[in-house]
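The values are calculated or read from the model by the stated rules, or taken from the named source; none is laboratory data. All values reported here derive from a predicted model rather than from experimental measurement. Note that we place each Cβ from the backbone using ideal geometry, even for glycine, and neighbour counts take in every protein chain shown. The protein model used for the area step is the full one, side chains on, heavy atoms only, and it has no ligands, DNA or RNA in it. Shrake-Rupley method; radii C 1.70, N 1.55, O 1.52, S 1.80 Å.
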Amino acid sequence: MDKILGKVRACTDKYNMIEENDKIAVGVSGGKDSMVLLSALARLRDFYPKKFEVKAITVDPYFLNQQGNYGEIEKLCQRLNVEYIIKETSLYKVIFEERKENNPCSLCARMRRGIIHNTAKENGCNKVALGHHGDDAIETFLLNLFDGGKVSCFSPVTYLSRKDITLIRPMLYLWENEVTSAHIRDGLPIVKSTCPADGVTERQNIKKYITSLQKKYPDIKQKLFGAMERGNISGFHL
């Protein structure tokens, strides 16, 4: 975890993500990315020069109209001395049964974000940390380019004026394989999604495309990320 913490701190410092007395909510889905982020921030909290608090928030969509089982996450939060908040919702019912969305992922993501932001504010947090890593950044960049014709990405730090809350992404200097290795090495839990649309998204196609590019250009991911920073794309900078 030392290597992970080093990169998380480097990213945090570079983009001034953490200030004195921040209360940071980590959006915990149960996947490897959010679990590693939660563990990393909880450990960073113990020695970072600026004091801050960490809370964990899980949005339960009630997939298939069944309550999610987050017992292992709760145990981890207890070990990390982190308050754990589960927000029960009717996302599955609204998206799959009432609206019967053909492409549910985008709507679900927007609704989840809104719920996390509101829940964070309700629990006294001024920031929300999201588990996006470097692979997520370049995938989003390519999705926006190929599908929307836009040169853009999510930002390392985003202030939402309507909510008066700041989003931070402390794992942007990590690659997905590093996150996966840390998750396995530290024996962190995982909660498999029961979403009917899980794994069948346009993002999966972009992942395959990048993998195919790596056969000819092994360092394509590093080059893409570097280009985003050099080009000051969406708040990224050197």
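Values for this structure:
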item	result
Placed amide H near LYS23: partners under 5 Å, 5+ positions off or other chain	GLU53, ASN126, LYS127
The chain - Kirkwood radius from inverse mean 1/r over Cα pairs (Å)	18.6 Å
Exposure of ARG113 as accessible area (Å², to 10), given a probe of 1.4 Å and all protein chains	110 Å²
Cα gyration tensor, the range 136-188 - rounded (a/c under 1.5), prolate or oblate	oblate
Cα-only radius of gyration and Dmax that characterise the range 19-60, units Å	10.6, 34
Kirkwood hydrodynamic radius over Cα pairs of the range 75-192, then Stokes diffusion coefficient at 10 °C and 1.306 mPa s, in µm²/s	95 µm²/s
Backbone N within the range 141-161 under 17 Å of label point (7 Å from ASN205 Cα along the Cβ vector)	141-150
Descending principal axes extents, the range 117-164, alpha-carbon based, whole Å	38, 21, 14
log10 of Debye I(q)/I(0), alpha-carbon scatterers only, for the range 28-113 at 0.11, 0.23 Å⁻¹	-0.38, -1.09
Placed amide H near THR58: partners under 5 Å, 5+ positions off or other chain	VAL28, ILE85, ILE86, LYS87
Cα centroid separation, the range 1-62 to the range 75-124 (Å)	18 Å
Estimated vicinal HN-Hα couplings, Hz - the range 47-61 in sequence order (Karplus 6.51, -1.76, 1.60; Gly, Pro = x)	9, 5, x, 9, 6, 8, 10, 10, 10, 10, 10, 10, 8, 8, x
Solvent-accessible ranking of LYS93, LYS51, largest area first, probe 1.4 Å	LYS51, LYS93
The range 69-116 - Rg over Rh from alpha carbon coordinates, Kirkwood radius	1.13
Which listed pairs, of LYS50/LYS208; LYS121/LYS192; LYS51/LYS192; LYS192/LYS216; LYS51/LYS207; LYS32/LYS223, have C-alpha distances above 30 Å, in listed order	LYS50/LYS208; LYS51/LYS192; LYS192/LYS216; LYS51/LYS207
Cα-based Rg / Dmax (Å) for the range 166-220	14.5, 39
Relative contact order of the chain, pairs being alpha-carbon contacts under 8 Å that are 6 or more residues apart, as %	25 percent
Electrostatic dipole magnitude of the chain [Cβ: Lys, Arg +1; Asp, Glu -1; Cα centre; debye, to 20]	380 debye
Candidates LEU142, LEU37, LEU172, ranked by Gaussian network fluctuation over the chain, Cα under 10 Å, top entry	LEU142
